[in-house]
Amino acid sequence: MPTFDGKKDKFERFEDLFNTSLKVYPNITEEEKIHYFHSLMRGDALEKLQNMNEFTKTNLTDIITIFKRRYIRHRSVATTRRKWEQLTFEPIK
């Protein structure tokens, strides 16, 4: 499992891999999930996690939500539309 260092272009992939890895162990506790998440943090991301209040640190959903707000780049509508218009599709045979 890769670590996450706070680079905005890497969080979505990290989150996908993290969630997939949790599916392998469906019976682990919330505390174990948080510990696992914490063990994968580096740099700015680790600092962000360490600076969260104690209540937030006990809820993985809250932690992930905070990380999404900070580390996911939200594209503008214009950028999204431009990317959509650039897509090409092959006909189904």
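The values are calculated or read from the model by the stated rules, or taken from the named source; none is laboratory data. Values in this document were obtained by computation on a predicted structure and should not be read as measured data. Quick reminder, even Gly has a Cβ in these numbers, built from the backbone with ideal geometry, and neighbours come from all protein chains shown. Ligands, DNA and RNA are excluded from the accessible area calculation, which covers all protein heavy atoms including side chains. Shrake-Rupley method; radii C 1.70, N 1.55, O 1.52, S 1.80 Å.
Tabulated data
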quantity: Carbon/sulfur fraction of accessible area - the stretch 13-69, other protein chains in place, 1.4 Å, %; calculated: 51 percent
quantity: Net +/- balance of residues flanking L17 in space, Cβ distance below 12 Å, scoring K and R +1, D and E -1; calculated: 0
quantity: Protection-proxy order for peptides 22-29, 61-68, each taking the mean of Cβ atoms within 10 Å per residue, highest first; calculated: 61-68, 22-29
quantity: Above-threshold pairs, the threshold being 19 Å between Cα atoms, out of K10/K48; K7/K57; K23/K48; calculated: K7/K57; K23/K48
quantity: Reachable aspartates and glutamates, given that their alpha-carbon falls under 16 Å from the alpha-carbon of K68 and they are not under 8 places away in the same chain; calculated: D5, D9, E12, E15, D16, D44, E47
quantity: Amide H contacts under 5 Å for M41, placed H, 5+ residues apart; calculated: F4
quantity: Local net charge near L60, Cβ-Cβ under 12 Å (Lys/Arg +1, Asp/Glu -1); calculated: -3
